[in-house]
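Scroll down for the structure; my scribbles are underneath it.
The values are calculated or read from the model by the stated rules, or taken from the named source; none is laboratory data. Values in this document were obtained by computation on a predicted structure and should not be read as measured data. Methodologically, a virtual Cβ is constructed for each residue, glycine included, from the backbone with ideal geometry; neighbour enumeration extends over all protein chains shown.
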Amino acid sequence: MRKLIIAMTFLTRIPLPQPQEVTGEEFTKSQYYYPLVGLIIGGILWGSFQILNLIFPPLITGALLIILELLLTGGIHLDGFMDSMDGLLSARTPERMLEIMKDSHVGAFGALSTMAFLLLKFAFLVELLSHSSPLAPLVLLFMPFVARWLFLIGIFFFPYARQEGLGKGFHESSREKKGIFFGQGILLLALTYFVLHWAGVAGFILATVFLIIFTRKVSRLLGGLTGDLYGASIEIGELLFLLGCYPLLGSFPFLA
């Protein structure tokens, strides 16, 4: 329970008692609870949808859910996405890209990419919430759940690009714990199929395959990943899960 609270206080802004005297080992091991944190966030989004949907039309409900998720996380993952796009789209040397990503100032590439990203996420959420399938709202439950497991791909399988930083401790502590990652993945895929059927499996596979390709390419370019890229992977994973789920929801009765 202590490691779950550590994970919650790191990944969210949900008011919880701050654990006292957290060791470096406890902090890095709390990463195994990140998918569970995602499930808690998903549960809050799903529950909020049930209330908001009684009051507002899908357009307003979708916007409020995006704002709610940003409030729950403090926007830290979106900030990572913004910084990552600033660096990756700058067309500079790998060293300069890393410097740009570390800069706290937001550039044009980061701002424009984030606007486009939020627009896409909003559009998919609205379409999802307008869908006639009873499974559609449950995608909200699994979207953060799956994305925070996918986040671990970068930590477990790709090097860290900097000599120091928070992400370096995560990467080093995970070298011999890949069995936990795979076990979580199998359980998560089974739960996704059980609840969302093939629509969920499609979202899971699309997000997983794309993020593996993306992180592999970026890791080769920069010589590893960074904390910003870890955050970006969560945001990208959520969007891709939505994208993968939507086409199959109710489209094929024998799949839904």
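A few points about this structure:
- The one condition in (1) more than 22 Å from PRO94 (Cβ to Cβ); (2) buried (at least 18 other Cβ atoms within 10 Å of the Cβ) that TYR193 fails to fulfil: (2)
- Every pair of residues 6+ apart whose Cβ atoms lie under 9 Å, when the first sits in segment 187-212 and is free of Cβ contacts under 8 Å to residues at least 40 places away in the same chain while the second is surrounded by fewer than 17 Cβ atoms within 10 Å (Cβ to Cβ) and aromatic (Phe, Trp, Tyr): VAL201/TYR193
- Near pairs, Cβ below 7 angstrom, 6+ apart or cross-chain, from segment 120-137 (over 18 Å from GLY47 (Cα atoms) and surrounded by 15 or more Cβ atoms within 10 Å (Cβ to Cβ)) to any residue that is modelled with pLDDT under 85 and not small (Gly, Ala, Ser): PHE124/TYR246; GLU127/TYR246
- Subset of segment 16-47 [small (Gly, Ala, Ser) and within 13 Å of the chain's Cα centre (by Cα)]: GLY38, GLY42
- Test set (1) part of a helix (DSSP H, G or I); (2) farther than 19 Å from ALA7 by Cβ; (3) in contact with a Lys or Arg (Cβ under 7 Å, 6 or more places away or on another chain); (4) at pLDDT below 95 - TRP198 fails condition number: (3)
- Options THR61, THR28, THR12, THR73; residue that is surrounded by 15 or more Cβ atoms within 10 Å (Cβ to Cβ) and in contact with an Asp or Glu (Cβ under 9 Å, 6 or more places away or on another chain): THR28
- Number of the condition not met by GLY43 [criteria: (1) part of a loop (DSSP other than H, G, I, E, B); (2) touching a residue at least 12 places away in the same chain (Cβ under 8 Å); (3) farther than 30 Å from LYS217 by Cβ]: (1)
- Only one of ASP103, ASP83 that is acidic (Asp, Glu) and within 21 Å of ILE153 (Cβ to Cβ): ASP83
- Within segment 104-122, being assigned to a helix (DSSP H, G or I) and either touching a Lys or Arg at 6+ places or on another chain (Cβ under 6 Å) or more than 16 Å from LEU240 (Cα to Cα) (or both) holds for ALA108, PHE109, GLY110, ALA111, LEU112, MET115.
- Number of residues in segment 47-103 that are among the hydrophobic types (A, V, I, L, M, F, W, C), touching a residue at least 12 places away in the same chain (Cβ under 8 Å) and assigned to a helix (DSSP H, G or I) equals 20.
- Pick from segment 31-54, criterion among the β-branched types (Val, Ile, Thr) and within 15 Å of THR73 (Cβ to Cβ), ranking: surrounded by the fewest Cβ atoms within 10 Å (Cβ to Cβ): ILE44
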